[in-house]
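> Sharing a structure, written as structure tokens. Questions coming.
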Amino acid sequence: MNYPVWSLDFAGGGLLIAMMAIFHVYISHFAIGGGLFLVLTERKGLRENSQAILDYTRKHTKFFLILTLVFGTITGVGIWFTIALLNPAATSKLIHTFVFAWAVEWVFFSLEIVSIFIYFYTFGRMDPKKHQLIGWLYFIFGWLSLFVINGIIGFMLTPGFWIETGNFWDGFFNPTFWPALFFRTFLALMIAGLFGFLTSSMIKEESFRLKMVRYCSLWLLIPIGLFLVSGWWYLTSTPAHVQEMIIVRMPELKPFLTAFQWLTPILILGGLLMAVRMPRPICRAMAVVLLVVGILYMGAFEFIREGGRRPYILYDYMYSNSILKEDYPKVRETGVLQEAKWVINKEITSDNTIEAGKELFTLLCMPCHSQGGVLNDILPLTAKYDRFGMNAMLTGIGKVNRYMPPFAGNDKERDALAAYIVHRLHGKELTEGVEVDIISEKDVVPPFNGATDEYVLLAWNTLGVHDLTDADNYWSFHPPGNDIFAQLIKRGEVPEVVSAAVVVSYAVEKAFRNPSDHVPFWNNTSSLLGRMVPSNTGLTGNGLTGIMKYGQQGAFVAEGVPVTPYPDGGGYQPYPKVTIEARDQGGALLASTQVVVPVSTEMGCKNCHGGPWRVDGRAGFSDKTAADILATHDRISKTDLLARAESGDPVLCQSCHLSTGKKALGNQSNLSLSAAIHGFHANYLSDREDDACNACHPNNSTGSTHFMRGIHKAIGLTCVECHGYLEDHALSLLKKEMQLGREKAAYLMENLSPRSVESIQDVQPRSPWVNEPDCLNCHVDFQPPEVVATFNEWTDSEEGLYRNRKEISDAIFCAACHGSPHALYPAENPYGQNRDVLQPMQYQNLPYPVGSNKNCSICHTIDMEEDFHHPNSFTTFRNE
Amino acid sequence: MTPADLIPVADTIPVHWLWFQVLLTVTFFFHMVAMNVMAGTAVIALVTHIRGGDASLPLCRDLAKKIPFFIAFTVNFGVAPLLFVQVLYGHFMYTSSVLMASFWLSVIILLIIAYGCTYLYDFKFDELFGSRALILSIAVTLFFVIAFLFTNNFSLMQVPETWSRYFNNSQGTMLNLGDPTLIPRYLHMMISAVAVGGLAIALYYDFIQRRGREIPDGRIQLGCQWFSAATCLNFVIGFLFLDSLPDAVKDVSTASGLFFVISLIGGIVSGGFSIVLGFVYKVRQTAIAAFCALVFMVLVREAVRITYLKPYFNVTELQVVPQYSPLLLFLVVFAAGIAVFCYMLKLAFQVGEVKS
């Protein structure tokens, strides 16, 4: 923000510092351990009165001198140069905070140079005791340099009390100071052994070579145990969230952790093998290999240490994008571009969106990401996104995956950055969603003769739409299965709800009776459900036609009808119709009607997970989308779902994530499916209106389903008025999970703030599919609402849900007259003007609730004079 | 957007700025001396090779053993002023470094190659034969390239009014080539190196001679001649450099201008004396005069920087968040380090002349 950013493109992503640092750290540790190696080896030569050992020590010193001075010293300065170029703000902070520590280190560095020169150039000519003293002084100054640098490096990872006090000593003697010092000291000794292998393996005389190589083996093998113990001490001295970041959260660290685990035994084995007598070329080759293994080992450690600091460059103080943690709220308010010094576009307009996005990219992304480079390449990471998905990703970074800083800018800046990445880096067009062309059909309303017909048959689907997940080759959480309810009413002055001596059947439109030809569910039921389910049969055994059973609910029911939105002729139709017929026991038709069984595969996962629609460019999960969802789950939750799916073993999400309500499934210890999905995605889709809901649920204004099609939509209500904003919705679910002792909810809640109420304390916990908005919250006593907002007031139980409730006499379901949830009469269906009002049109030739406008005679055969079913029912429909 | 808008906010400092100014000036002086000796002796050795003849080899062999030392100390003495200049002027220097980042980082690679060449030149002197001049010329060329990049950076940091070029080039390939002071400044610095390199040769052989050992004929004179001749040339370059500086730098009505002029006069006078003394082979007197000239020139350099940055920044503006205990630690360690340094040198000299 303060400084210009060097555009590195492919060389970005930390490549430069990695190259410079790994070499320097390896050699500088050699400079310390090797110093002790020199003086102790010299002492060994003197004690054993061995000129051969002394000659070897002198030659090793020459090698040591050149390597440590030419490469060690200069790459040390190189690290300084590099960090100042890549993150000048952090470098400046380190310099200004620890200037006198650096200065002290400079004194030790100077003395190191003087002492090693004297040691080398007086070798064999100075009194042995004095010469060893010079050697000891070299080692001591080298180790003191480590002592100082270790304090500063440790500060970057664990600044400890410095965050509060700003005190030099608090920062220097930080929580990992001592364990890191021991860790690095033992590592330095091991590296001395590795470099010792290199020079000792070149000794020509075999027995002496073997003796010295074995001597070097001890340098590797003796410290390694202490090194591992101090490594454990080091790791456990870091804050819990740093440990979590290293071990659990950062996917990029996995290969380095694995490397560290594998290379440790390799080094031990190598050290043991080197002690075996072998020909010189093999010995030399092994020495070189072990030296390379050593640098890989060191590199793995340095990557892990750097990774543990994420998303900070100076832990808990300055993010890796150079913005101070304490400045974040201000930057978010005023905007990155306003706060940054090195930008041209201070304001975003429609003309400069891409250019402003580029500047934001430079400031916020480039510090860590390369473009097409070896490390942290942003191109594959962002390839799947369109503008919306990229925007959502930017909203969520730093919230769930906390190894990246949260997005620092405001909404416009986030959009501009998303536009830049999508358009400029990936060459995608920025057009918003193109409206899907929907052909509206003319539906024939079933006949009804009010004068002669003896029965009224009312039917409805229990949900406004069944969200079908047709990604069954990979996973599933909503297999095919719509629930259809029907009530048969015998007309009369006192009508009667018929419950017996009739046969009520259902038959889904013919074109929809072969769903197994269109979705892979039936190929995967063994894996998904642990049992075989016959083709074109639902989980309850119901098919696409059948007999409805009269249940305790007080209605004829066909549960789990496996309808899909794919007709045999091709295409996508989310509103198939089902014909319901009631016959007497002799088979004579008593009544017949039709109703839609809404089912949609237009779930917007692809908006963020990439991939196209599977069917006709308008709905369905493509393999790419489905696989990416699993890959993301695997990355974040350390699962192997994608591998399982690709080996033919897809999973049902509820096998781990509990679903609640009467169809409860799943594992009690994990978050419920609804809480997990909403809680996770709310972090990515926060600060939005109902577009957050419609991004996933099939109600996009340009989409192919438009599932919210009832009267509430017509008068301008959205999901938000009843369910709250996505953050509210998610928090209410997550709070319930917390109450149930599922602590994982806390992680998802941490970055969510409620919007409909003041604080999280004010959010009423709720179980999904049980505690839902109650119509009577707004329609108090069935009257027109005075306030249209009902978030936080939930039904007490499933019995209180709209789809399960009945009118006052407890005979007729609310939905029988008002229609399915989210499709309350008069509903408008884009696939046909009458499609969602077939029964109101059939019985009263009006699209309004059945019996409205005082159409009591539909059932009562005569006009009535007062409310009966509920207050305010004996009136004229007011939202015409 | 004004140049001032681009200048980053400075960090706070733990002690009064004067501490850092003194440490910067003193350590920079030693860095300059070490760098001058390093580059200057390397140039003289190279010219001696080019002039040819077997007679030149002993001098070159002697210099070959010393040049890696001087690189080590040039780097070592460079670390300290680089540290202190970042404390006082980091927000300028980091910026200019980023603007020329590709070149600036290449310094490390170039230095490793140059350093490696000098060790090759030293340890393989006898085996190299005809390649000696080639190897040394690579090192010398790289020294000069590195110096040019340093001159670019430390002049670029002084001219925020040119920084907006970044918006057309963020690849880190900006240099300060449009600055009229750049070339004279660079040449002034590098010709000074040749002069001090000559003086270092004279001083070295004078030291050997005074310890009662024989030295080849003409070495002291050769060194003095290199010094005086180069310094004469540097007077010309120096006046070109002076002419290229903005008038504000030389404005005696300002404190920094007055400081500049006084330091400059001190430098010219002591430099003039050193030339004369060099031509008459008064080695130690020449060294004292040259020492004074270098001190004055380091002060001149500071005065120039202060004036350049005056429209934007003054070190007195740096906010102090006091914490003196680390300074105390440094002073104690520094003093102890000097004592240990002296002790180690004493042990080394007890052995006799340091030989590889």
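> Among the residues of region A:641-671 satisfying the criterion of being among the charged types (D, E, K, R) and modelled with pLDDT of 95 or more, which is nearest to A:Met250 (Cα to Cα)?
Step one: list which residues in region A:641-671 are among the charged types (D, E, K, R), which gives A:644, A:646, A:649, A:662-663.
From what's left, modelled with pLDDT of 95 or more: A:644, A:646, A:649.
On the way: A:Arg644: 22, A:Glu646: 24, A:Asp649: 27 Å.
Checking each candidate, the answer is A:Arg644.
> Do you know which residues across region A:49-90 are within 12 Å of chain B (Cβ to nearest Cβ) and of a type in the set (Val, Ile, Thr)?
Scanning region A:49-90 gives A:Thr61, A:Ile66, A:Thr68, A:Val70, A:Thr73, A:Ile74, A:Thr75, A:Val77, A:Ile79, A:Thr82, A:Ile83.
> Can you name the helices (runs of 4 or more DSSP H) wholly within region B:51-160 that have at least 2 residues being closer than 30 Å to A:Val104 by Cα?
Details: elements: B:56-99, B:101-123, B:125-128, B:132-156.
Correct list: B:56-99, B:101-123, B:132-156.
> Just checking, which of A:Glu758, A:Glu727, A:Glu737 is among the acidic types (Asp, Glu) and in a loop (DSSP other than H, G, I, E, B)?
One residue alone meets the criteria, A:Glu758.
> Sticking with this structure for a sec: Restrict the check to region B:22-35 and report whether at least one residue is touching a Ser or Thr at 6+ places or on another chain (Cβ under 8 Å), within 12 Å of chain A (Cβ to nearest Cβ), assigned to a helix (DSSP H, G or I) and not hydrophobic (A, V, I, L, M, F, W, C).
yes
> Of the residues A:Lys130, A:Lys93, only one is surrounded by fewer than 20 Cβ atoms within 10 Å (Cβ to Cβ), at pLDDT 95 or above and at the interface with chain B (Cβ under 7 Å from one of its Cβ atoms); which? Spell out how you get there, then give the answer.
Details: A:Lys93 fails: surrounded by fewer than 20 Cβ atoms within 10 Å (Cβ to Cβ).
Result of the check over A:Lys130, A:Lys93: A:Lys130.
> Do we find a residue being surrounded by 21 or more Cβ atoms within 10 Å (Cβ to Cβ) and away from chain A (no Cβ under 14 Å) anywhere in region B:67-78?
no
> Next up: Which residues, taken from region A:725-744, are modelled with pLDDT under 95 and small (Gly, Ala, Ser)?
Hit for region A:725-744 is A:Gly741, nothing else.
> Can you name every residue in region B:104-116 that is surrounded by fewer than 23 Cβ atoms within 10 Å (Cβ to Cβ), over 18 Å from A:Ile17 (Cβ atoms) and more than 9 Å from every other protein chain (Cβ to nearest Cβ)?
Those that are surrounded by fewer than 23 Cβ atoms within 10 Å (Cβ to Cβ), over 18 Å from A:Ile17 (Cβ atoms) and more than 9 Å from every other protein chain (Cβ to nearest Cβ): B:Leu110, B:Ile113.
> Is it the case, given these coordinates, that B:Gly266 is at pLDDT 95 or above and either buried (at least 16 other Cβ atoms within 10 Å of the Cβ) or under 23 Å from B:Met157 (Cβ atoms) (or both)? I'd like the intermediate steps shown before the answer.
Numbers: at pLDDT 95 or above: yes; either buried (at least 16 other Cβ atoms within 10 Å of the Cβ) or under 23 Å from B:Met157 (Cβ atoms) (or both): yes.
Criteria met by B:Gly266.
So that you can scan it fast, the table gives a plain yes or no per residue for (1) within 20 Å of the chain's Cα centre (by Cα); (2) buried (at least 18 other Cβ atoms within 10 Å of the Cβ):
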{"residue": "A:Gly716", "(1), (2)": "no, no"}
{"residue": "A:Glu737", "(1), (2)": "yes, yes"}
{"residue": "A:Gly741", "(1), (2)": "no, no"}
{"residue": "A:Tyr747", "(1), (2)": "yes, no"}
{"residue": "A:Gln761", "(1), (2)": "no, no"}
{"residue": "A:Gln764", "(1), (2)": "no, no"}
{"residue": "A:Val780", "(1), (2)": "no, no"}
{"residue": "A:Gln783", "(1), (2)": "no, no"}
{"residue": "A:Val787", "(1), (2)": "no, no"}
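> I'd like to verify a number: residues in region A:625-643 that are in a helix (DSSP H, G or I) and in contact (Cβ under 8 Å) with a residue 40 or more places away in the chain, how many?
Going residue by residue through region A:625-643, those that are in a helix (DSSP H, G or I) are A:625-637, A:641-643.
Subsequent filtering for residues that are in contact (Cβ under 8 Å) with a residue 40 or more places away in the chain retains A:625-630, A:635-636, A:641-642.
Final tally of qualifying residues: 10.
> So which of B:Ala255, B:Ala200, B:Ala248 ends up being under 29 Å from B:Asn314 (Cβ atoms) and touching a Gly at 6+ places or on another chain (Cβ under 8 Å)?
Unique residue meeting the criteria: B:Ala248.
> Moving to a separate point now. Mind telling me which of the residues B:Ile220, B:Ile201 ends up being more than 30 Å from A:Val5 (Cα to Cα), touching an Asp or Glu at 6+ places or on another chain (Cβ under 7 Å) and touching a residue at least 60 places away in the same chain (Cβ under 8 Å)? Spell out how you get there, then give the answer.
Working: B:Ile201 fails: touching an Asp or Glu at 6+ places or on another chain (Cβ under 7 Å).
Answer to the selection: B:Ile220.
> Out of all the residues in region A:413-425, which are in contact with an Asp or Glu (Cβ under 9 Å, 6 or more places away or on another chain) and of a type outside the set (A, V, I, L, M, F, W, C)?
A:Tyr420, A:His423
> I'd like the full set of residues that are of a type outside the set (Phe, Trp, Tyr) and more than 7 Å from every other protein chain (Cβ to nearest Cβ), limited to region A:96-122. It would help to see each step written out before you state the result.
To start, the set of residues in region A:96-122 that are of a type outside the set (Phe, Trp, Tyr) comprises A:96-97, A:99, A:101, A:103-105, A:107, A:110-116, A:118, A:122.
If the condition is that a residue be of a type outside the set (Phe, Trp, Tyr) and more than 7 Å from every other protein chain (Cβ to nearest Cβ), then A:Thr97, A:Glu105, A:Glu112, A:Ile116 are the ones that fit.
> Looking at (1) part of a loop (DSSP other than H, G, I, E, B); (2) at pLDDT below 95; (3) farther than 16 Å from A:Leu673 by Cα, which is the one condition that is false for A:Ser753?
(2)
> Using beta carbons and a limit of 7 Å, which pairs, at least six apart or on different chains, have the first residue in region A:493-513 and closer than 25 Å to A:Pro480 by Cβ and the second one modelled with pLDDT under 95 and of a type outside the set (Gly, Ala, Ser)?
A:Val503/A:Gln585
> Against the condition closer than 24 Å to A:Lys93 by Cα, exposed (fewer than 13 other Cβ atoms within 10 Å of the Cβ) and not β-branched (Val, Ile, Thr), how does B:Leu318 come out, does it pass? Write out each step before concluding.
On the way: closer than 24 Å to A:Lys93 by Cα: yes; exposed (fewer than 13 other Cβ atoms within 10 Å of the Cβ): no; not β-branched (Val, Ile, Thr): yes.
Judged against the criteria, B:Leu318 is not a match.
> Would a scan of region A:694-706 turn up a residue that is outside any loop (DSSP other than H, G, I, E, B) and of a type in the set (A, V, I, L, M)?
Just the residues of region A:694-706 that are outside any loop (DSSP other than H, G, I, E, B), to begin with: A:694.
Among the residues that remain, those that are also of a type in the set (A, V, I, L, M) are: none.
The answer is no, given that none of the residues of region A:694-706 is outside any loop (DSSP other than H, G, I, E, B) and of a type in the set (A, V, I, L, M).
> Return yes when A:Gly135 is on the phi > 0 side of the Ramachandran plot and more than 9 Å from chain B (Cβ to nearest Cβ) and no when it is not. Can you show your working first?
On the way: on the phi > 0 side of the Ramachandran plot: no; more than 9 Å from chain B (Cβ to nearest Cβ): yes.
Answer is no for this residue.
> Among what's in region A:3-45 and is surrounded by fewer than 20 Cβ atoms within 10 Å (Cβ to Cβ), within 30 Å of A:Tyr56 (Cβ to Cβ) and among the aliphatic types (A, V, I, L, M), pick the residue that is nearest to the other protein chains (Cβ to nearest Cβ).
Checked region A:3-45; the qualifying residue nearest to the other protein chains (Cβ to nearest Cβ) is A:Ile22.
> Looking at (1) more than 14 Å from chain A (Cβ to nearest Cβ); (2) in contact with a Pro (Cβ under 8 Å, 6 or more places away or on another chain); (3) of a type outside the set (Val, Ile, Thr); (4) part of a helix (DSSP H, G or I), can you tell me which one B:Phe239 breaks?
(2)
> For region B:298-356, name all the residues that are outside any helix (DSSP H, G or I), of a type in the set (Val, Ile, Thr) and at the interface with chain A (Cβ under 10 Å from one of its Cβ atoms).
B:Val321, B:Val354
> Ok, one more. Quick one: in region A:630-649, of everything that is of a type outside the set (Lys, Arg) and over 20 Å from A:Ser526 (Cα atoms), which residue is farthest from the chain's Cα centre (by Cα)? Please lay out each step first, then the result.
Applying the first criterion (of a type outside the set (Lys, Arg)) to region A:630-649 yields A:630-634, A:636-637, A:639-643, A:645-649.
With the extra rule that they be over 20 Å from A:Ser526 (Cα atoms), the set shrinks to A:631-634, A:636-637, A:639.
On the way: A:Ala631: 10, A:Thr632: 6, A:His633: 7, A:Asp634: 10, A:Ile636: 6, A:Ser637: 9, A:Thr639: 13 Å.
Taking the candidates together, the pick is A:Thr639.
> Looking only at region B:297-304, decide whether some residue is closer than 30 Å to A:Leu144 by Cα, among the hydrophobic types (A, V, I, L, M, F, W, C) and at pLDDT 95 or above. Steps first, please.
From region B:297-304, those closer than 30 Å to A:Leu144 by Cα are none; that's our starting set.
No.
The values are calculated or read from the model by the stated rules, or taken from the named source; none is laboratory data. Quick caveat, the model's predicted, so the values are computed rather than measured. Ideal geometry is used to build each Cβ from the backbone, glycine not excepted, and the neighbour counts take in all protein chains shown.
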